[in-house]
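See structure below.
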Amino acid sequence: MNDGNFIQIGHVEIQLVSDGLALLDGGGAFGLVPRVVWEKLLPPDEFNRVPLSLNCLIIRSEGKTILVDTGLGDHLSRQQRQFFNPIRANGGLVPTLAEYGITPETVDIVINTHLHADHCGGNTTRPTQDVQIIPAFPNAEYWIQRLEWADATFPNERTRATYLPENFLPLQTAGQLRLLNGDTYVTSEVRTVTTRGHTRAHQSVVIESEGKAALYTGDLATLAVHFERLSWVTAYDVEPLETIETKRRWQRWALERDAVVIFPHDTQVPMALLQEEGEGSLHLEPLSFVPTQQ
């Protein structure tokens, strides 16, 4: 299944690529889980920050090049850089894509699981400081759930700090926006599925081909442990009880199909297989694939 930097899911080829790392407060990632518990899995630094990968996914299916999520991008303000503390050794997502022969012009579809800044900041780019922000993938159609778009364009006091208009409004101006109404097929092998909880219209991406399956969770499960343990929910989830029930449903799906489960922010376990060790006891078996870190 795993050969260097790609995994084959039936006829579909997937590549996990990274926009780098962010250093964020561990309390955000682990919510109500006490630090004395979570720090054994992911030790924080002296400022209580933990490293979170900005894992994006390239999917090649039926002649389409599909990019799922785009990381933080290249036009963070000073305040945003201070919050996210991004680390990029080699330039971020676009240079990483180039390693696989993918230029911005060759991406056909960009799927945003949701419009939080660390998942869609790379939707757009500012080539130089004296020009306006434009779509980073000029020939791509950007697929976003309609309700997520509504929540992002009319944020409230809690959400406005992460729903940044420069990350998504230029897509509408450029005529590159497609709003979805629930689960939607991208190709016959790839589909988006609504996975409510982190946001009201969060979506994940399912791949099924030739009896093989994979799930890119998005922030349904920020880290692998969030998928393994139903009660572990981030502080950022707007509907945490919905997150638990959504995870319960997709745990069963993953077990039934022996699916590869892909996580957006895990530096240690970006991909894993969910296994049942006993009645009601689940365990994630990490896959050896490690994404290119930038």
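The values are calculated or read from the model by the stated rules, or taken from the named source; none is laboratory data. Note that the coordinates shown come from a computational prediction; the quantities given were computed from them, not determined experimentally. Neighbour counts are summed over all protein chains in view; Cβ atoms, including those assigned to glycine, are modelled from backbone coordinates with ideal geometry.
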Residue count for segment 140-176, restricted to those that are in a loop (DSSP other than H, G, I, E, B) and either among the acidic types (Asp, Glu) or under 18 Å from residue 122 (Cβ atoms) (or both): 8
Qualifying residue in segment 116-139 (condition: crowded, with 16+ Cβ neighbours inside 10 Å, in a helix (DSSP H, G or I) and either of a type in the set (A, V, I, L, M) or modelled with pLDDT under 95 (or both)): yes
Members of segment 178-192 that are surrounded by fewer than 18 Cβ atoms within 10 Å (Cβ to Cβ) and hydrophobic (A, V, I, L, M, F, W, C): 179
Answer residue from segment 245-280, given it is over 18 Å from the mean Cα position of the chain (by Cα) and surrounded by 15 or more Cβ atoms within 10 Å (Cβ to Cβ) and is nearest to residue 53 (Cα to Cα) among those: 274
Residue 141, sole failed condition from (1) charged (D, E, K, R); (2) free of Cβ contacts under 8 Å to residues at least 40 places away in the same chain; (3) farther than 24 Å from residue 203 by Cβ: (3)
Residue within segment 77-90 that is outside any helix (DSSP H, G or I), of a type in the set (Gly, Ala, Ser), farther than 24 Å from residue 202 by Cα and in contact with a strand residue (DSSP E or B) (Cβ under 8 Å, 6 or more places away or on another chain) present: yes
Residue among 186, 233, 190 that is of a type in the set (A, V, I, L, M) and over 23 Å from residue 122 (Cα atoms): 233
Out of 8, 15, sole residue that is part of a strand (DSSP E or B), surrounded by fewer than 16 Cβ atoms within 10 Å (Cβ to Cβ) and either touching a residue at least 24 places away in the same chain (Cβ under 8 Å) or on the phi < 0 side of the Ramachandran plot (or both): 8
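For segment 140-167, give me the residue count where each residue is basic (Lys, Arg), within 19 Å of the chain's Cα centre (by Cα) and modelled with pLDDT under 95.
Summing the residues that are basic (Lys, Arg), within 19 Å of the chain's Cα centre (by Cα) and modelled with pLDDT under 95 in segment 140-167 gives 0.
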Total residues in segment 23-40, condition in contact with a strand residue (DSSP E or B) (Cβ under 7 Å, 6 or more places away or on another chain) and free of Cβ contacts under 8 Å to residues at least 60 places away in the same chain: 2
Qualifying residue in segment 37-59 (condition: in a helix (DSSP H, G or I) and either among the hydrophobic types (A, V, I, L, M, F, W, C) or surrounded by fewer than 21 Cβ atoms within 10 Å (Cβ to Cβ) (or both)): yes
